[in-house]
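Single-structure report; data block below.
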């Protein structure tokens, strides 16, 4: 965007180009910090999962995919983690039930 701003039409003044360049650079740096923090707020998924979802979503669907990818990957991770935890709880319940019942001597 900045390159297009500088090498595009010469209808803009140099001062306006400098101001817009500074704005784009500042917005990009703030975006790199705030996006993972805001997308990861209140989610039990690790920040790396959120970051990978945001990058993958942006690569496939652009700006909308930035948010959709992170949300879908976080929801998928949470569902998978709950599924694994419920399977472990079921195995633990079976093991506890096996210990509680006395073995029959045959």
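Throughout, read-outs are computed from the coordinates displayed, never taken from laboratory work. It should be emphasised that the depicted structure is a prediction, and the values quoted were computed from it without experimental measurement.
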How far is helix 47-100 tilted off the main Cα axis of the chain, in degrees rounded to 10, range 0 to 90?
10
In percent, how large is the relative contact order of the chain, given Cα pairs closer than 8 Å and 6 or more residues apart?
16
To the nearest 10 degrees, how steep is helix 14-39 against the longest Cα principal axis of the chain, on a 0 to 90 scale?
10
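If you wrap the chain's Cα atoms in a convex hull and average its projection over all directions, what's the area in nm²? Please list the in-between numbers first.
Numbers: hull surface 40.9 nm².
So the mean shadow area of the Cα hull is 10.2 nm².
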